[in-house]
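The values are calculated or read from the model by the stated rules, or taken from the named source; none is laboratory data. All figures in this text were calculated on a predicted structure; none of them were measured in a lab. A quick note on method: Cβ atoms are made from the backbone with ideal geometry, for glycine too, and the neighbour counts reach across all protein chains shown.
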Amino acid sequence: MVSIIKYITPALAVTCLSNIAFAVNAQSLSIDKYYQAEQQLSKHTDKLVTGTLDHPVWTNNSQLTYRSHTKQGEAFFIIDAVTKEKDLAFDHQKLATALSASTKQDIKAEKLPFTSFDLINNQTISIKIKDDLYQCDIERYSCDQVKNTAKDNELVAPDGLHAVYIQDNNLWLRKLSDNSKKQLTTDGEDNFGYATNNAGWIRGKKPVVKWSPDSKKLTTFKHDGRNVGEMGIVSTAVGHPNIDVWKYPLPGDENIFKIHRVVIDVEQAKVIPLDMPADDHRSTITDHVAGRDGQLLDIDWSADSSHFAFVSSTRDHKTATLKIANAKTGKVRTIFSETEESFFESGVSDISWQYLDKSNEIIWFSQRSDWGHLYLVDATTGKIKNQITQGDWTVLELLDVNQDTGKLIFTGAGKEGGDPYFHYLYSIYKDGSNLTLLTPEKKHHRISLSKNAEYFLDRVSTPDQPETSFIRSTSSKSGFVVEQMDISKLSATGWQAPTPFIVKDRNNQHDIYGLMYKPSDFDASKSYPVVNYLYPGPQVGSIRGRHFRTARGDNQAIAELGFIVIEIDALGTPGRSKSFHEFYYQNMGDSGIPDQVAAIKQLAAQHSWIDSTRVGIWGHSGGGFASTRALLTYPDFYSVAVSQAGNHDNRNYADEWGEKYHGLLVKNEDGTTNYDSQANQLIVENLKGKLLLAHGTTDTNVPPYNTLVVAEALIKANKDFDMLMLPNRGHGFAREPYMMRKRWDYFVQHLMSATPPKEFVFGK
């Protein structure tokens, strides 16, 4: 370049420099780079690995079924924990032939169209293919479609004979064997119906109930949304669009969802209201009162179905009150309450309190010591009898309690040293004695407990070490290997695992853990721009599980284009101390972004090949919010952001979310609020870099108005930006080929100053 410039006249210098800069910017990135990047996606990398163990199901106390990718294709196995005998669960070719005949489809033995099955007996299995259920005789190899099976909008009773569903705001009972129906309630009405599955940000078809163990009763609620504000989404169409309007409470709304708790005697079709005021629509750990399977959370029935314990949580998530209800009379007595200054949670990985009806005690999870631990509470007096676990580490999830022996099985993290996000399995007695580590390797353990908690599947790995699967005993240190992952074929392609690293947080106080991705043709003599992927949570972090994966989203794919990709779990991440988790409580504008910046600067100081002058960032949902926030709060550090489906101002997002992590909305006399500190549209004047906003136009989780308010503010501020509205897309478009390509293109163009291949097509 110097040799060119020295021969031109000063008058032409500016023009030539401009042309040279254009030439640099216009250099093309090879389409082969994009092809190589695509090969790093899981749909390509997963099939190169054998010895996997997926979709495990304990069929009884000692038999485990699972699917594995073998050299011959996908195969299903059954293994006995006692005898250690492992066999194919069935003849795959014969089953494929039988299913082909029954479904009138061409089904291949090496790619059966299901991921798991139920073992009814040694001769019969049950399989679900899409929405249809089949029973197959695996001795004669014949399959028949089951006609009277549970539907997607039904929740089946424990006895498997009946299911409940919602019709016209009322609960109905259906007998599965003969399809006979019975109306259980009659006074449900619009916006005040029984068992309604609506949290605003998510809606489900299944009723929200908790069946009693004897299948003769259930507890549920009338869902009161009569005065709750509405949300509306309009489809993109030629002609009249579809207009979806539903109840969606927001932070600061005077009226939010209320649940009027009831018990229903199924045999008598009798509704028994609980003797208490309506509860706020809150649970102790999630943003909904329903679990993924539709069951009502924070309920634990007695073994004899006569009563149940439950937890009422306040609107601000600060106070949880444990109560016990008589299922016959509806009488309720309060046992005790616990209040946190920030927010109360009853577990980390899942709800971890349990009612011990035999001894009239409660196993209670609390973070009162700054660490999540289990306590034994007297269910009559509400007094703590003893602390069960203790120390500077956390219980993650209570998996099992044997009421006869007093033995507890639970997962925990942080006790064994090393990566505090590695999960381990422990046992202990309710008096706090005999704490026993059941998973010896200093790695991450994914646990599946057998039905009687005597055995467990232990899948052991790290982000950069492939998985070994064991079956182990909870009463001894015995165990044996079930599967050993083989990644040799994957490694032969040049694939490489991410590199774990440890840096310090913004205040140089805590160790912060992350993963780094480098291109497979990495050259330490070069200088690479950085792409920072983040999801701030605070309910989860960016990395989401320390187990081995062949691909984590498109992190390695982006690295293949010529970037260093970095993701960390910053301050605010759960799974460590409570103070660590609640670090930016009432300040969601923080989102751990200062730790992201500090981490990248530390890594750049350690590695000459990291160019901290060229840093981009992207994320989806909460990460969409945080990526824009990072570009606006650190405009001299981040120069490019791809922001997808962001909840840019939580006053436009679900009430349970914002009110838990940012607190109740407070409006000041001057018109400002305590939520102003997290609203991205209020700081758009800070924009210096390149910003791509993307949102689905029919996103009912994070409505598109969250992005549009930022766009409106950017326009008013006369700021250049890019926006992609994806018509008729919901919340989950992050891995769509078009969005992925636009994301790659944006970083290549604006962070690498290169021209991406035009309209790259995946799978070509």
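Just a few scattered comments:
- Total residues in the stretch 26-63, condition within 27 Å of ILE138 (Cα to Cα) and more than 25 Å from the chain's Cα centre (by Cα): 7
- For the stretch 103-114, the set of residues classified as assigned to a helix (DSSP H, G or I) and among the charged types (D, E, K, R) consists of GLU110, LYS111, listed by residue number.
- When residues in the stretch 663-678 are screened for being over 24 Å from LEU632 (Cα atoms) and β-branched (Val, Ile, Thr), 1 of them pass.
- Residues within the stretch 249-261 that are without any contact (Cβ under 8 Å) to a residue 60 or more places away in the chain, touching a Gly at 6+ places or on another chain (Cβ under 9 Å) and under 18 Å from ALA195 (Cα atoms), tallied: 2
- Enumeration of residues in the stretch 72-87 that are closer than 17 Å to SER469 by Cβ and either in a loop (DSSP other than H, G, I, E, B) or free of Cβ contacts under 8 Å to residues at least 40 places away in the same chain (or both): GLU74, ALA75, PHE77, ASP80, ALA81, LYS84, GLU85, ASP87
- Scope the stretch 714-758; condition among the small types (Gly, Ala, Ser) and buried (at least 19 other Cβ atoms within 10 Å of the Cβ); matching residues: ALA734, ALA754
- When the stretch 653-680 is filtered for residues that are touching a Ser or Thr at 6+ places or on another chain (Cβ under 8 Å) and not in a helix (DSSP H, G or I), the ones remaining, listed by number, are LEU665, VAL666, LYS667.
- Residue in the stretch 589-610 that is surrounded by the fewest Cβ atoms within 10 Å (Cβ to Cβ), counting only those that are in a loop (DSSP other than H, G, I, E, B) and touching a Phe, Trp or Tyr at 6+ places or on another chain (Cβ under 6 Å): TRP609
- Boolean, GLY494 is more than 30 Å from ASN61 (Cβ to Cβ) and either crowded, with 21+ Cβ neighbours inside 10 Å or under 24 Å from the mean Cα position of the chain (by Cα) (or both): no
This table checks each residue for (1) outside any strand (DSSP E or B); (2) not polar (S, T, N, Q).
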residue	(1), (2)
LYS33	yes, yes
GLN36	yes, no
HIS44	yes, yes
ASN60	yes, no
HIS69	no, yes
LYS94	yes, yes
ALA101	yes, yes
SER116	yes, no
ILE127	no, yes
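- Counted residues, the stretch 461-493 - those being closer than 24 Å to LEU435 by Cα and among the aliphatic types (A, V, I, L, M): 1
- Residue match in the stretch 731-750 (condition: in contact with a Lys or Arg (Cβ under 8 Å, 6 or more places away or on another chain), on the phi < 0 side of the Ramachandran plot and free of Cβ contacts under 8 Å to residues at least 40 places away in the same chain): yes
- Hits in the stretch 469-492 - residues which are in contact with a Leu (Cβ under 7 Å, 6 or more places away or on another chain) and either touching a residue at least 40 places away in the same chain (Cβ under 8 Å) or assigned to a loop (DSSP other than H, G, I, E, B) (or both): SER469, ILE471, THR474, VAL482, GLU483, LYS489, LEU490
- Test: residue in the stretch 88-103 that is closer than 28 Å to SER478 by Cα, modelled with pLDDT of 95 or more and either in contact with a Gly (Cβ under 8 Å, 6 or more places away or on another chain) or of a type in the set (Lys, Arg) (or both): no
- Pairs with Cβ under 6 Å, 6+ apart, first in the stretch 622-644 and in the same structural domain as LEU534 (by TED's automatic domain parsing), second part of a strand (DSSP E or B) and charged (D, E, K, R): VAL640/LYS690
- Exactly one residue out of VAL642, VAL615 is under 30 Å from ARG203 (Cα atoms), out of contact with any Cys (no Cβ under 9 Å at 6 or more places or on another chain), crowded, with 24+ Cβ neighbours inside 10 Å and aliphatic (A, V, I, L, M), and it is VAL642.
- If you go through the stretch 135-180 and keep only what is of a type in the set (Ser, Thr, Tyr) and under 19 Å from THR220 (Cβ atoms), you end up with just TYR165.
- Residue list for the stretch 463-491, filter: buried (at least 20 other Cβ atoms within 10 Å of the Cβ) and more than 19 Å from ASP54 (Cα to Cα): THR474
Listed here are the residues, each with its yes/no results for (1) modelled with pLDDT under 95; (2) under 21 Å from PHE480 (Cα atoms); (3) charged (D, E, K, R).
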| position | (1), (2), (3) |
| --- | --- |
| ASP392 | no, no, yes |
| GLN403 | no, no, no |
| ALA413 | no, no, no |
| TYR424 | no, yes, no |
| ILE428 | no, no, no |
| GLY432 | no, no, no |
| LEU438 | no, yes, no |
| TYR455 | no, yes, no |
| THR462 | no, yes, no |
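- Within the stretch 313-348, the set of residues being surrounded by 22 or more Cβ atoms within 10 Å (Cβ to Cβ), in a strand (DSSP E or B) and either among the acidic types (Asp, Glu) or over 24 Å from the mean Cα position of the chain (by Cα) (or both) comprises LEU322, ALA325.
- Qualifying residue in the stretch 542-559 (condition: closer than 30 Å to SER342 by Cα and not in a loop (DSSP other than H, G, I, E, B)): no
- Single residue of TYR535, TYR513 found to be in contact with a helix residue (DSSP H, G or I) (Cβ under 6 Å, 6 or more places away or on another chain) and of a type in the set (Phe, Trp, Tyr): TYR535
- Leading residue by the ranking (surrounded by the fewest Cβ atoms within 10 Å (Cβ to Cβ)) among those in the stretch 533-572 that are at positive phi and of a type outside the set (Lys, Arg): GLY545
- Residue in the stretch 267-303 that is farthest from LYS578 (Cα to Cα), counting only those that are part of a loop (DSSP other than H, G, I, E, B), among the charged types (D, E, K, R) and in contact (Cβ under 8 Å) with a residue 24 or more places away in the chain: GLU267
- Selection status of THR65, part of a loop (DSSP other than H, G, I, E, B), surrounded by 15 or more Cβ atoms within 10 Å (Cβ to Cβ) and not hydrophobic (A, V, I, L, M, F, W, C): no
- Test: residue in the stretch 716-735 that is among the polar types (S, T, N, Q), more than 22 Å from ASP554 (Cα to Cα) and outside any helix (DSSP H, G or I): yes
- The stretch 354-410, residues that are among the β-branched types (Val, Ile, Thr) and in a loop (DSSP other than H, G, I, E, B): THR380, THR381, ILE388, THR389, THR405
- Condition met for SER306 (more than 24 Å from ASP655 (Cα to Cα), modelled with pLDDT of 95 or more and not aromatic (Phe, Trp, Tyr)): yes
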